[in-house]
Amino acid sequence: MAPISRVPLLLAACLILAVALAIPVAQAQLAPAPSPTSDGTSIDQGIAYALMLLALVLTYLIHPLDASSSHKLF
């Protein structure tokens, strides 16, 4: 059996090390991410309006059923 040469293995290891060290340097030179255009309050407000509308619809759907009930609450 022929002995395995270490030169290609050493070259491959050096190449992998060089690429692994070069990638973070290349990424560090990119511009920082822009700040968000919305801080999320408009999304929260939209969800709140949708939930209030749902509560209003449910109130008007349940109220006629409650009004036709035979129980006298007041």
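Somewhere in segment 56-69, is a residue among the hydrophobic types (A, V, I, L, M, F, W, C) and either touching a strand residue (DSSP E or B) at 6+ places or on another chain (Cβ under 9 Å) or at pLDDT below 75 (or both)? The answer is yes, given that some residue of segment 56-69 is among the hydrophobic types (A, V, I, L, M, F, W, C) and either touching a strand residue (DSSP E or B) at 6+ places or on another chain (Cβ under 9 Å) or at pLDDT below 75 (or both). Determine whether segment 15-24 contains at least one residue that is in a loop (DSSP other than H, G, I, E, B), surrounded by fewer than 10 Cβ atoms within 10 Å (Cβ to Cβ) and modelled with pLDDT of 75 or more. For segment 15-24, residues in a loop (DSSP other than H, G, I, E, B), surrounded by fewer than 10 Cβ atoms within 10 Å (Cβ to Cβ) and modelled with pLDDT of 75 or more: absent.
The values are calculated or read from the model by the stated rules, or taken from the named source; none is laboratory data. Values in this document were obtained by computation on a predicted structure and should not be read as measured data. Note: ideal-geometry Cβ built from the backbone for every residue, glycine included; neighbour counts use all protein chains shown.
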